Structures are given as structure tokens and as C-alpha cells.
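The values are calculated or read from the model by the stated rules, or taken from the named source; none is laboratory data. Note that the coordinates shown come from a computational prediction; the quantities given were computed from them, not determined experimentally. Positions of Cβ are backbone-derived with ideal geometry, glycine not excepted, and every protein chain shown enters the neighbour counts. For the accessible areas, the whole protein counts, side chains as well, though only heavy atoms, and no ligand, DNA or RNA atoms are used. Shrake-Rupley method; radii C 1.70, N 1.55, O 1.52, S 1.80 Å.
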Amino acid sequence: MQVLRLRLQNFRNFPSLDWEPAPEVNIITGENAQGKTNLLEALFFGLTGRSFRTATERDVVRWGSAFCRVELEVAGTGRHALVVASLTSDGRKKLLVDGKAGRPVELCGEPVIFTPEHLWLVKGGPALRRRWLDLEICSLQPGYVRCLRRYQQVLAHRNRLLLGLRGREGGHEALEPWDRQLVELGARIIFWRRRLLAGFASLASQVYSAISAEKEVLSLAYLSSFPLENAREEEELRLLFLRELARRLPQELAWGQTLVGPHRDDVRFSINGRDARRYASLGQQRTTVLALKLAQLELAARLLNCYPLLLLDDVFSEIDERRREALLGYLAGKTQVFLTTSLERSALPPASGCIFEVRRSTITQGG
Ligand SMILES: Nc1ncnc2c1ncn2[C@@H]1O[C@H](COP(=O)(O)OP(=O)(O)OP(=O)(O)O)[C@@H](O)[C@H]1O
Ligand SMILES: [Mg+2]
């Protein structure tokens, strides 16, 4: 996927903009608060109709304006298209592909995006990693989202039952039908999560080695809340899950909640065998998230037969010069990339791509 031209009207701090980006790596420099991240957000909004920064979409309309409009001329798999996304300040949104209501992501998938907030994937709690994994699976596996929702419902119901049974004699047989459903859905969730992670693991560790100049090894592991004992098939996972529920029942009755299952699982990222959440430096954390995002790019490219757009917000902070250079080396010739940085031009790796500067809501080429 390539963006040939971007036109903006009243998007965030841009009253208007008309920009022809380069086909490969676009490095967008500029001081703080000039509109670099807003530009990435505009690209993302144009292609998806959503913002990656805010759930309140109306925030993207320029203050005091009645509407905003993002227009993109794009080249997808063998096809050119004009994509227009518009939103009024009272929340009415339109997405048009060549003048008709459509989904621009059908041209070549959703853009892959890195933002500094994604560093929470390494530093944050298990729920964030589970959510990341689930979102990745949802984009590849239709039907998974229904399975997840159903699991949450069954889990909530089972927890209510457990609370009701707390401190009472007997009545445990009421749990049985819920146990069966929990185990059925839970085993499927674990199966898909491990499968996706296996696909990610080798790609992410290759990318990590490339960026860290092969000094470090990244590995990914699924941490289950009960022993999986080399189980591979869903059926084996079901049996192990059921056995664990039976074993933990007294404890669950005491606590009034379900203590095992995919809602308690986690993913461990390790660098040279050590848990990244506990030991990774800032640069290593950033390299880890970057490796995950680039692995996602490669997986999407395999699935779609074309690379989606890659948006990297403030990616150079905290990584040293060698890693910056290695990252740009890795990206060269792959896909169109939009990378923002507030680094001075002189601090950028040499011959690193087409450099632009955003300054007070305008963009100029230079460097
Ligand atoms: N709806 C809006 N209308 C007008 N201006 C806005 C709107 N939303 C945000 N802004 C302004 O846009 C400016 C630029 O924001 P942006 O996040 O793109 O900066 P940046 O260049 O990425 O800076 P940094 O280097 O600090 O990340 C901010 O100062 C903000 O006040
Ligand atoms: Mg920014």
C-alpha cells in the first residue's frame, strides 16, 4: 500500500495541507507540538475512520471547525483509489472509496502502528498483553471475537455461582454445565493464542536480532495459569483445564471466583532468557515492541500479499544510534513508512530516507 497524496482540511492543528509523501521511508521531523503525531493520526483516520489516540473521535476536528476531511490518493494491490474520510463536529462520519461508501482497509489491510503508549505491552500488567494477543487474533480469525465474548459471559456467570456457593455445603453440581462451557471456550482461546504466538515468536526474534545488531535474543512464551504439559490439540487442553478446575474447586469456593483459565494467562517476553518486564532497559523495551509491530507487518503481508502502511510515532527516543540505523536498514525497500521524530536533522542516521519537517501546521521537504 502506498499513499501518493494526502490532503487535509481542519484535521487537528492543520487548517489545510496538501502533501505528496515519498514512496518509501518518510521521516517527519519537527519540534514538539507542531503536528507530527497528528499527521500520522490523519493517515490512520483516512484509512480506517478511527483514531489511534482517542476514543472520542470528534477530538480530531480542528477546534472551532464544523467538520474535518482527510483525502488520500492510494495505490493498493494493482489498483489506485481515492479515499475520503470526513467527520462533523457533531460526530457524523463518512468513509468513501472512489465516491462510494467503502472500507479502504480492503485495499491492503489496516496500517500497522507503533506509538510510545504501546510500550505498556512490555511494562504493563498481563491484561494488556492478553488484549494485544486477542486483537491480533481477531484480525486474522473471524469467529474468535464471539468465542472471547462468550467466554467472558460464562466466566461472569460461573463467578456469580461460586460467590453464591461460598461457605455453603453442597450444591456444587450447579457448576457443572458452566464448567463444560468454560473449558470448551477456554481451550479454544488458549489454542489460538499459542498458535498466533508461535507465528509471532520466530519473526519477532529475527527482527529483534536485526535491530539489536544480533547481540540480543528475544523470545516469547505463553504463560498459562495451569500446566499445559506439551498439549497441542484443543481436546488435550480441554482435559487439562477440566482437571485443574476440579483440583482448584475448594480454593475457588473459598475465594468466590474462577482462579484458572485464559483470563488469568500472560505472555512473557524475554531478552537473553530474562523477563523483559522486570529487567529490560528502556531501549530494550522499545526494541521489543518494535519487533512485535514489525512481526505483525510481516504476518499481515503474508496474509494479504501486500504490505500495509507502517506508522512509527516517536520511534527513535531511547534507542541508540546503531539501533536507529539498523531499524532504518531493516525498513529500506519494504513498504511505505511514516516515521516521526523530534531529533535534530543532524542527529539522524545518514541516507535514512526522505526527510520532511512539520512546523506550525505546514510540511516542507528538506535534508
Ligand atoms: N482538535 C484540535 N484542533 C487544533 N489543534 C489541536 C487539536 N488537537 C490537538 N491540537 C494541537 O496539535 C498540536 C500538535 O500535536 P502533535 O501531537 O501532533 O504534536 P507533535 O508534533 O507530535 O509533538 P511531540 O514532538 O511533542 O510529540 C498540539 O499542540 C495540540 O494542542
Ligand atoms: Mg508526537
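Provide the per-residue ³J(HN,Hα) series for segment 316-326, in order, calculated from phi with Karplus coefficients 6.51, -1.76, 1.60 and θ = phi - 60°, each as a whole number of Hz, with x at glycine and proline positions.
Ordered by residue, 3J(HN,Hα) equals 7, 4, 6, 10, 6, 4, 5, 5, 4, 5, 5 Hz.
Could you work out the helix-only [θ] at 222 nm for the chain, with each DSSP H run of four or more residues adding -39,500 (n - 2.57) and the total divided by the number of residues, to the nearest 500 deg cm²/dmol?
After summing the helix terms and dividing by residue count, I get -14000 deg cm²/dmol.
Between rounded, prolate and oblate, where does segment 215-270 land on the alpha carbon gyration tensor, with a ≥ b ≥ c its root eigenvalues, rounded for a/c under 1.5, else prolate if a/b exceeds b/c?
Since a/c reaches 1.5 but b/c is at least a/b, the shape of segment 215-270 is classed as oblate.
Counting only DSSP beta bridges with both residues in the chain, what percent are antiparallel, rounded to the nearest 5?
Antiparallel bridges make up about 75 percent of those DSSP assigns within the chain.
Which sequence of 131, 323, 278, 359 reflects their accessible areas, 1.4 Å probe, from the largest down?
278, 131, 359, 323
How much length, in nm to one decimal, is gained on full extension between residue 157 and residue 5, taken as 0.36 nm per residue of separation minus their Cα-Cα distance?
So the chain would gain 49.6 nm between residue 157 and residue 5.
Dividing the alpha-carbon Rg of the chain by 2.2 N^0.38 Å yields what?
Compared with the compact-globule rule of thumb, the chain sits at 1.13.
Accessible area per residue for the chain in Å², computed with a 1.4 Å probe and the full protein assembly in place, what is it?
48
Calculate, in nm to one decimal, what residue 354 and residue 268 gain on full extension: separation in residues at 0.36 nm each, minus their alpha carbon distance.
Full extension from residue 354 to residue 268 adds 27.3 nm.
Run the simple label-point estimate for residue 278 and residue 195 please: 7 Å along Cα→C-beta, distance reported in nm.
Between residue 278 and residue 195, the simple spin-label model gives 3.3 nm.
Any idea which of 261, 124, 272 is furthest toward the positive side of the dipole for segment 120-279, if Lys and Arg beta-carbons carry +1 and Asp and Glu beta-carbons -1?
Towards the positive end, the residue furthest out is 124.
Taking the Cβ-Cβ separation of residue 346 and residue 255 as r and a Förster radius of 51 Å, what is the calculated FRET efficiency to the nearest 0.05?
After rounding to 0.05, the efficiency reads 0.30.
What's the extension gain from residue 94 to residue 117 if we count 0.36 nm per residue and subtract their Cα-Cα distance?
5.5 nm
Ignoring ligands, DNA and RNA, what percent of the 1.4 Å accessible area of the chain is carbon and sulfur?
Carbon plus sulfur share of accessible area: 48 percent.
Between residue 332 and residue 150, take the C-beta separation as r, use R0 = 45 Å, and let me know the FRET efficiency to the nearest 0.05.
Computed FRET efficiency for residue 332 and residue 150 comes out at 0.50.
Take every Cα-Cα pair in segment 120-279 and report what % of them are more than 22 Å apart.
Tail of the P(r) past 22 Å holds 47 percent of the pairs.
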